[in-house]
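Here's the structure we're looking at; comments come further down.
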Amino acid sequence: MANERASIALTAAEVDALLRAARTLVLVTNGPDGVPDPVPMWFVVDEGGAVWMRTYAKSQKVRNLERDARFAALVETGDRYVELRGAQLSGTVAIVDDVDTVCEVFAGLLVRYEGLDPEHVDAVKAAYRERAPKQRALRLDVTRTVSWDHGKQAGVSGGPE
């Protein structure tokens, strides 16, 4: 099984490309009752490959992470078995309250998801500064990645054997 799993794993470059193309990441934190708390998140990947997102400082996910910084996250794509590709990331989350960083992540999200012209990023960051103190940037510090691409399986005909 280990060799089969290795044969369908994505390379580091393929994981990076998947993250840059994926629309939603499911972030899982540990809830106050110990039950996993999954939430869909929009995110950006910086030039160094770090995954960032933004949320309210008083959100449940921030409270969960303040208590226990561990996370798991999932990105996936594909409609048919042979098309299934994904990555599960795990590690810890850094909660960043630096206003400049929060504004940078916010502007990056607008570019990625809302079509903001990059030439307007500085103006958006300046306009957002007033709201940024109530926000937090979250950086995923990934220590483990498990990935798969079912299309890499020899003899795949559209379903499990």
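Please state the charge dipole magnitude for segment 1-85, taken about the Cα centre, from unit charges on C-beta atoms (+1 on K and R, -1 on D and E), reported in debye and rounded to the nearest 20. List each step's numbers first, then the result.
On the way: 11 positive and 12 negative charges, 59 e Å.
With only Lys, Arg, Asp and Glu charged at Cβ, the dipole is about 280 debye.
Across the chain, the relative contact order, built from alpha-carbon pairs under 8 Å that are at least six residues apart, equals 29 percent. Ranked by the mean number of other Cβ atoms within 10 Å per residue, highest first, peptides 33-40, 69-76 order as 69-76, 33-40.
When HIS150, HIS120 are arranged by Cβ crowding within 10 Å, least crowded first, meaning fewest neighbours, the order is HIS120, HIS150. Modelled spin-label separation between TYR56 and ALA9, with each label point placed 7 Å from Cα along the Cα-to-Cβ direction: 4.1 nm.
For the chain, what does the helix formula give at 222 nm: sum of -39500 (n - 2.57) over DSSP H segments with n ≥ 4, over the residue count, nearest 500 deg cm²/dmol?
Values: 5 runs with 49 residues, N = 161.
The helix-only estimate for the chain comes to -9000 deg cm²/dmol at 222 nm.
Label-to-label distance for VAL35 and GLU83 is 3.3 nm, based on points extended 7 Å past Cα in the beta-carbon direction.
Modelled label-to-label distance, SER90 and HIS120, 7 Å Cα→beta-carbon offset: nm? With each label point 7 Å from Cα toward Cβ, the separation is 4.2 nm.
If you average the sequence gap of Cα pairs under 8 Å that are 6 or more apart and divide by the length of segment 69-161, what percent do you get for the contact order?
On the way: 139 pairs, mean separation 39.0, N = 93.
That works out to 42 percent.
Checking the a/c ratio against 1.5 first, then a/b against b/c, what shape does the Cα gyration tensor give for segment 2-150? In terms of gyration-tensor shape, oblate.
In sequence order, segment 101-114 has phi-based couplings of 5, 4, 5, 5, 5, 4, 5, x, 5, 5, 5, 5, 9, 10 Hz under the Karplus curve 6.51 cos²θ - 1.76 cosθ + 1.60, θ = phi - 60°, and Gly or Pro positions carry x.
Within the same chain, lysines fewer than 8 places from LYS58 are excluded, and of the rest, those with a Cα less than 22 Å from its Cα are LYS125, LYS134.
How big is the dipole moment of the chain about its Cα centre under a simple scheme where the beta carbon of each Lys and Arg is +1, that of each Asp and Glu is -1, and everything else is neutral? Debye, nearest 20, please. Don't skip to the answer; put the middle values down first.
Numbers: 20 positive and 24 negative charges, 91 e Å.
Taking the Cα centre of the chain as origin, the dipole is about 440 debye.
Quick note: the coordinates plus some simple rules give every number you see, no bench work behind them. Bear in mind the structure is a predicted one, so any value in this text is a computation, not a measurement. With ideal geometry, Cβ positions are generated from the backbone for all residues, glycine too; neighbour counts draw on all protein chains shown.
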